[in-house]
Amino acid sequence: MTTSVIPDDRPTRVVNPVNDADPDQLRAAVEAAEPGALLMTLVHLTGDRALLTEFRERLAAAKAACPGETLAPGQYPGKVADEVRRRAHAVLRGEGLVPALHIPDDALFLDMVRVATDEAVGPEYVPYLREQAGFAYLPESLPLHRPVPSGFRVAVVGAGMVGINAAVKLGEAGFEYRVFEAGDDIGGTWAHNTYPGAAVDTPSHFYSYSFELNPDWSKYYPPGPEYLRYLHHVADKYGIREHVALSHRVLGCTWVDERQLWRVSVAGPDGDTQVYEANAVITATGILNGPSVPDVPGLESFAGTAMHTAEWDDSVALDGKRVVVLGTGCTSVQVVASLAGRARHLDVVFRQPHWIAPERAVVGTVDDATRWAMRHLPYYQQWYRLVTHWFTADKSYPIPRIDEEWYTTHVSASPANDALMQICLKHLHEQLGDRPDLVEMLTPDFPPFAKRIVKDPGFLAAVRRDDVALHRTAFERIEPDGVLLTNGEFLPADVIIWATGFRLEFLGFLDVVGRDGITLAERWDGGRDPRAHLGITVPGFPNLFVTAGPNAAPNHGGGHNVTSEEHVHYAVECLRHLVDHGYTAMEPTPEATREYNERVDAELDRTVWQHPGTANGYYRNAAGRAWVTCPWRLVDFWTMLRAPDPDALLLHRGPAGASAHRTTAD
């Protein structure tokens, strides 16, 4: 077999040429590969651009011939898929190879994206998809002419997905940094959540850093322990552990205007408080932190064990026990699917159901042939990631948006929203059609996406069991031997599991004091109405970058990995901007912040997250405002965060009196 030609200076870390592969292994990999991504590998290997025109026409003809055929997102019709694999077998045996196409120009890349996804993807997606698919690093948005001053330090709060990302990117940009992690391990939520069935609900081949793809996932949706191992791998590979202080809890930080720096108070493992001085602070704590445990009368009298899923105790015996689970969100369905059949009896109590979507891959294992293809077929992994991302991200952007005329007569918010609702209803009826009582109990009365969509890990199959019972009600009180429900029913219990999520806190657990002594709590009305420019920076709090801030999570799709990379990129670019122009601090202007939030509110008012009549949940605050969700397409938010906007900034050279509104002449 001829070796494929890929230049040694390829701008990617995840491509390996196919060299002298075992023919049977190679054939198995081709048969397992997704056709759209595999076709792009052929274009890279042969340089034959005519393949795009040919297969675009084949796809159109196949769809026209079978207009009623139902295909999964990104799936090629059978005859087209067979032809892609036939060509791949021939090419990878060395037939017709020419010097390989390296990284295509923008026009060709866009054409490849459109054929790989069989979608009309817009040209604005080209740089975004190049980065997010893992093809290449993009250059920084701003040139850096000056070296980072000696002693310029950045404090990062938290060592989860975002904190690790920040550490990697700060190090690459030349900044001195220190990461403070309250726990005894890095990994954030994946170090804390060890309950049975804990898993990521975003596809594994996408839910990873764009600069560190992983071809070896064992599951299409990674279980928690495997994802934690991935984060450990990244920390080790990029050498950030020596910069992380474990068991160090940040208590708060105070801006010292005279010195243009933050004094960060940190409690060490021995309880002693130390002060770390930093020119900038990046918070990487997320918004769902402390476990949310309902205040139910009688809890202290319970003779059994009560535990929250985020504080799981593996020593608690569950097999053969009577277990009561409160909640039906993402965590609850994973726990219930895992415990059904182990517990003597499992009762699930909930006030409101979620829309549950079918996803066979949630429990699917990635076979050896697919893993081999990811690792060895040139550029296949990037294209697989790109196609997966497209159909789990901005492809879903229209679904939460309201069609006012439609919404007046439907539970769903629009035809696009209704299409998802029908998929969920079909799945519900297929699983529980002979149990109309369960169908009624598990059918929401609000549009999909108003609350987080749940992907079914086997929950609906579990609730069919004789030893599992659903109760659409709430706890009235807890007694020594069980739970009394508000409908008067009593449930005997040995173990109570709170699958009730987390308290949503936008830094409410930190004492943050900005310029002129104002606290972040005061600026954010006690945490009831947090606002930020681009969801990241706040007037009066120089060099403070809040990742996962207010209105910074595009809940229509994508993954936390995308937005975390965007936020970190913006913070690093802001710091580079300071260094390059000789400034000491920056913050957004009040005018820019107000104008940005007015646009956010106007856009959210046309979505199911904000519209009256939708279900309450952590997406909305007590006043009913959508305070978590970012209203923009992922590509638009990504573009906004490429570089700081000079017209939106107040920059400082020394104390506040020396500040200046940045102009293009600076």
Exercise. Projected onto the charge dipole of the chain (+1 at Lys/Arg Cβ, -1 at Asp/Glu Cβ, origin at the Cα centre), which of 254, 51, 495 gives the Cα projection farthest towards the positive end?
Worked result: 51
Problem set entry | Solution diffusion estimate, µm²/s, Stokes-Einstein, the chain, Kirkwood Rh from C-alpha pairs, 37 °C, viscosity 0.692 mPa s | 122
Exercise. So what is the 222 nm mean residue ellipticity for the chain from helices alone, if each DSSP H run of at least 4 adds -39500 (n - 2.57) and you divide by all residues, rounding to the nearest 500 deg cm²/dmol?
Worked result: -9500 deg cm²/dmol
Exercise. Please state the relative contact order of the chain as a whole percent: Cα pairs under 8 Å, 6+ residues apart?
Worked result: 17
For this session: Excluding residues on the same chain fewer than 8 positions from residue 63, give the lysines whose Cα lies under 23 Å from its Cα.
Result: 79, 395
Seminar exercise, completed: For residue 451, counting only aspartates and glutamates whose alpha-carbon sits under 17 Å away and dropping same-chain residues fewer than eight positions off, the answer is 201, 418, 605
Exercise. Using 0.36 nm per residue, how much length does the chain from residue 72 to residue 598 gain when fully extended, once their Cα-Cα distance is taken away?
Worked result: 185.6 nm
Exercise. Residue by residue, what Karplus-based ³J(HN,Hα) values in Hz, rounded to whole numbers, does the range 389-401 have, using 6.51, -1.76 and 1.60 with θ = phi - 60° and x for Gly and Pro?
Worked result: 4, 4, 7, 10, 10, 5, 4, 8, 4, x, 4, x, 8
Seminar exercise, completed: Length gained if residue 429 through residue 404 is fully extended, taking 0.36 nm per residue and subtracting the Cα-Cα distance, is 6.2 nm
Problem set entry | For residue 245, distant residues with modelled amide H under 5 Å away | 179, 180, 181
Exercise. Can you list the lysines whose alpha carbon sits under 28 Å from that of residue 237, skipping same-chain ones fewer than 8 residues off?
Worked result: 169, 219
Problem set entry | Under 5 Å, built H, 5+ apart or other chain: amide partners of residue 308 | 498
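The numbers here are math on the coordinates, done by the rules we state, and not lab data. The structure displayed is predicted, hence computed values, not measured ones. Every residue, glycine among them, receives a Cβ derived from its backbone with ideal geometry; neighbour counts consider all protein chains shown.
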